[in-house]
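Presented below is the structure to which this report refers.
The values are calculated or read from the model by the stated rules, or taken from the named source; none is laboratory data. Just so we're clear, the structure is a prediction, and the values are computed from it rather than from any experiment. A quick note on method: Cβ atoms are made from the backbone with ideal geometry, for glycine too, and the neighbour counts reach across all protein chains shown.
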Amino acid sequence: MTAACRSAPARARGWLLNGTGLLAALVVAFPLYWMVLSALKPRAALEAGDALPYTTEPSLDAFVRVLSVEGFGRYFVNSLVVALAVVGLSTLCAFLAAVALTRFRFRLRTTLLVTVLVAQMVPVEALTIPLFFLLRNLGGAVPALGLNHLGSLILVHTAFSIPFAIWMLRGFVGAVPQELEEAAAIDGAGSFRFVARILFPLVAPGVVACGIFSFISTWNDFLFAQTFIISASENQTLPIAVLGFFRPDENDWGGIMAGSVLMTVPVLIFFIAVQRHLVAGLAGAVKG
Amino acid sequence: MASSTLTPPPAAARARRTGSARPGRRGIARWAVPLAPAVLLLIMFVAGPIVWSVWAAFTNAALTGAAAANTEFVGFENFQNLLADPAVWNATVLTLIFLFGSAIVGQNLLGLALALLMQRRNRVTRAFVSTVVVGAWVLPETVTAFTWAAFLGREGSLNTALAALGLPPQNWMYAAPIFAVILANIWKGTAFSMMVYSAALQEVPPDLKESARVDGASGVQTLRHVTLPLIRRSILTNLILITLQTLQVFTLIYIMTGGGPGTRSETLPVLMYEQAFDFGHLGYGTAIALVLLAVAGLVSAVYVRALRAEGSV
């Protein structure tokens, strides 16, 4: 009897807290909902200042408008090429470095680990000016890696993705028991075969999470794309293309929102696919 | 994780003390070769640019004109100008307001509140809330900026809601630009704090809270005297990391307000970009960047010291 009396207010409190949580989530989700809604509203309704939280005649006009803009497909492909190249390169470099930093003990090891940790915290935005010069000079030697080429974005984002990826993978590689390597060595597997056949599959969840993280930060980048791709509009990436719809006083909100939705979809797909790994990996990385 | 903390076999322990598992040239190659690509990229694109910034901040480097072809060393001139420039002071104050409002108060407290709220809630609620909040975090910064510009603009949804309450509509990016970008940054960044605190709260032993409650402590008292002291490490970590993230926010502000109207939301990163790439004053822009780098360096030094004191590195 007493138990039932106690649990009634407790249950009410539970419902209240659940309700508050869901309400908070709805508030957070509202701008996202508004984005999709504005992308689907007919242009006339948007321009008339239609503020209804729903639309009775959804239209794909805005998406058609965005997709028919000259080169939108090309910008999409550019963004994808850069992001995928960065994922491949940065994950490979970081995985190799993480293995070296966890499997071998050498004098520089701690120094390197601290360097990686510090490098991860450098505000990269503050390096835009020197990077601009570096890439201009690099372009003199190897045009494909210089300003106005996708190579410049790939290089810079690869470098900036590496510290966090090393830091995150270090935990995953460290969790693989040393005994496994010894057992593999007894069975006749060399170091390379051990790393490729045994270690890599074991840390695959970490590798995937790292890859997703690099993908998202590269895909989302605006500043470097804006600064390094100056005159070669055929090499622009998606954020700059969508910015084209954003003009003071005569914004095409439907177009902006449709472009935003298209830009968000790949990120959300990747994110939902590995959300649990990402959060767990991030928590691990933060806790060191 | 547990296996890596096992006592190493004696041979390995001995090798560890001498500093190298396998001495000799082949031993060096074993760790140096896999490290090389990562280290080279970091030297070229992180260390190099930082060193260059230190040099360039003392020159009159420019994008165009005579100084572009013939860059000269000007000593502390850029920094003297910096101190005398009202735009820099304005940007510093705005950066601090932005940092304080959006990170230290907004994201931090909201993240903690959400993490506390989500403790021991049912799985569906937790999954839904964390997906939505973290979803806002992974969204491209440009998209966040567009969405909030639409929301806070003259025809935006906020004004519609205010009109329904009988309040006059206004363009919030003109009326209160710094608050507009603070709001957007809280919305975007709270997920990070929430994740840090959720992870930390999982480590708080439930019996401690239970016994506090048995002793008659209220919810608030338990939070203040049991939970918060236990997670103070995570609070410090979180404050440091979000400070570093917030100091460099550029895209959100640049797209939403462009630093304006006038200079009313022009934080240091926006001022840096404008000086360097719109006005071509690279030396001056780099001096501003160097200030940002120095502040970030100071903050991360505190962090690394704290981590090293715990033996995490």
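Any residue that is outside any helix (DSSP H, G or I) and either touching a residue at least 24 places away in the same chain (Cβ under 8 Å) or not hydrophobic (A, V, I, L, M, F, W, C) (or both) - is there at least one of those in the range A:220-229?
Yes; the residues of the range A:220-229 include at least one that is outside any helix (DSSP H, G or I) and either touching a residue at least 24 places away in the same chain (Cβ under 8 Å) or not hydrophobic (A, V, I, L, M, F, W, C) (or both).
Taking the numbered list (1) crowded, with 18+ Cβ neighbours inside 10 Å; (2) assigned to a helix (DSSP H, G or I) in turn, B:Val93 passes all entries but (1). Restricting attention to the range B:256-272, does a residue exist that is crowded, with 21+ Cβ neighbours inside 10 Å and at pLDDT below 85? For the range B:256-272, residues crowded, with 21+ Cβ neighbours inside 10 Å and at pLDDT below 85: present. When restricted to residues that are hydroxyl-bearing (Ser, Thr, Tyr) and at positive phi, the range B:45-66 contains 0. When you scan the range A:125-133, do you find a residue that is outside any helix (DSSP H, G or I) and in contact (Cβ under 8 Å) with a residue 60 or more places away in the chain, even just one? No, that holds for no residue.
Filtering B:Thr59, B:Thr71, B:Thr18 for residues that are polar (S, T, N, Q) and either under 21 Å from A:Val195 (Cα atoms) or modelled with pLDDT under 70 (or both) leaves a single hit, B:Thr18. Selection of first residues in the range B:227-238 that are more than 9 Å from chain A (Cβ to nearest Cβ) and of second residues that are surrounded by 19 or more Cβ atoms within 10 Å (Cβ to Cβ) and assigned to a helix (DSSP H, G or I), restricted to Cβ pairs under 6 Å at least 6 apart or on distinct chains, gives the following pairs, ordered by first then second residue: B:Ile231/B:Ala200. One residue stands out in the range A:152-188 among those that are surrounded by 14 or more Cβ atoms within 10 Å (Cβ to Cβ) and more than 13 Å from chain B (Cβ to nearest Cβ): the one that is farthest from A:Ala232 (Cα to Cα), namely A:Ala184. Given the options B:Ala150, B:Ala145, name the one that is more than 7 Å from every other protein chain (Cβ to nearest Cβ) and assigned to a helix (DSSP H, G or I). None of the other options fit; the residue is B:Ala145. Scanning the range B:21-39 for residues that are more than 9 Å from chain A (Cβ to nearest Cβ) and at pLDDT 70 or above returns a single hit, B:Ala29. Which one is surrounded by the fewest Cβ atoms within 10 Å (Cβ to Cβ), of the residues in the range A:125-151 that are of a type in the set (A, V, I, L, M) and more than 7 Å from chain B (Cβ to nearest Cβ)? Out of the qualifying residues, it is A:Ala141.
Sort out for me the helices (runs of 4 or more DSSP H) sitting completely within the range A:22-104 that have 3 or more residues that are closer than 30 Å to A:Thr115 by Cβ and of a type in the set (Ser, Thr, Tyr).
Working: elements: A:43-47, A:61-68, A:72-103.
Where helices (runs of 4 or more DSSP H) fall fully within the range A:22-104 and carry at least 3 residues being closer than 30 Å to A:Thr115 by Cβ and of a type in the set (Ser, Thr, Tyr), they are A:72-103.
This table checks each residue for (1) assigned to a helix (DSSP H, G or I); (2) under 26 Å from B:Ser130 (Cα atoms).
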{"position": "B:Pro168", "(1), (2)": "no, no"}
{"position": "B:Ile178", "(1), (2)": "yes, no"}
{"position": "B:Val181", "(1), (2)": "yes, yes"}
{"position": "B:Asn185", "(1), (2)": "yes, yes"}
{"position": "B:Val220", "(1), (2)": "yes, yes"}
{"position": "B:Thr227", "(1), (2)": "yes, yes"}
{"position": "B:Ile235", "(1), (2)": "yes, yes"}
{"position": "B:Ile242", "(1), (2)": "yes, yes"}
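Only one entry of A:Arg43, A:Arg105, A:Arg74 meets the criterion of being within 28 Å of the chain's Cα centre (by Cα) and of a type in the set (Lys, Arg), and that entry is A:Arg74.
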